[in-house]
1. Starting from residues that are more than 27 Å from the chain's Cα centre (by Cα) and among the small types (Gly, Ala, Ser), keep the ones in region 62-106 and report whichever is surrounded by the fewest Cβ atoms within 10 Å (Cβ to Cβ).
2. Considering 86, 76, which residue is in a helix (DSSP H, G or I), among the polar types (S, T, N, Q) and touching a Ser or Thr at 6+ places or on another chain (Cβ under 8 Å)?
3. Quick one: what pairs do we get from region 78-100, first residue on the phi < 0 side of the Ramachandran plot, second surrounded by 13 or more Cβ atoms within 10 Å (Cβ to Cβ) and of a type in the set (Phe, Trp, Tyr), C-beta under 8 Å, 6+ apart or different chains?
4. Within region 18-42, take every residue that is among the acidic types (Asp, Glu) and part of a loop (DSSP other than H, G, I, E, B) and give me the one that is modelled with the lowest pLDDT.
5. Given the criteria surrounded by 12 or more Cβ atoms within 10 Å (Cβ to Cβ), at pLDDT below 90 and in contact with a Lys or Arg (Cβ under 8 Å, 6 or more places away or on another chain), does residue 45 qualify?
Amino acid sequence: MATPGPVTSEASLEPSKAPVIEGFSPTLYSKPESFKEKFIRKVRENPVVPIGCLATATALGYGLYCFHKGHSRRSQLMMRTRIAAQGFTIAAILVGLVVTSMKSRP
């Protein structure tokens, strides 16, 4: 195993500056994004995830409404629909991750 060379003043860490790592850019964007801009960018990158989240929330809301009204059969159906929508959302997230990682490869 090779021993590390001497530390020069250039390579020493300064607390006031971020370390420079060759080939690494901490941010891809030149300016900080607001919450709204980031949300819109993420929805454009993977539009299926918000649809799955909305379907999950709708099934949950309607299922709770049916439970409150005493329609137990419909409530059970909506809870099963909610589980399916959650599975769809997780699958959409995973597919989005795979697609994003494939795009970033050279």
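1. Initially, region 62-106 is screened for residues more than 27 Å from the chain's Cα centre (by Cα), giving 64-77.
Next, from what is left, pick out any that are among the small types (Gly, Ala, Ser): 70, 72, 75.
Numbers: 70: 8, 72: 10, 75: 18.
Only one residue tops the list, namely 70.
2. Numbers: 76 fails: touching a Ser or Thr at 6+ places or on another chain (Cβ under 8 Å).
The match here is 86.
3. Every condition considered, the pairs that remain are 78/62.
4. First, the residues of region 18-42 that are among the acidic types (Asp, Glu): 22, 33, 37.
Filter again for part of a loop (DSSP other than H, G, I, E, B), leaving 22, 33.
Numbers: 22: 73, 33: 82.
Checking each candidate, the answer is 22.
5. On the way: surrounded by 12 or more Cβ atoms within 10 Å (Cβ to Cβ): yes; at pLDDT below 90: yes; in contact with a Lys or Arg (Cβ under 8 Å, 6 or more places away or on another chain): no.
Judged against the criteria, residue 45 is not a match.
The values are calculated or read from the model by the stated rules, or taken from the named source; none is laboratory data. This one's a predicted model, so the numbers in the text were calculated from it and none came from an experiment. All Cβ positions, glycine included, derive from the backbone under ideal geometry; neighbour counts span all protein chains shown.
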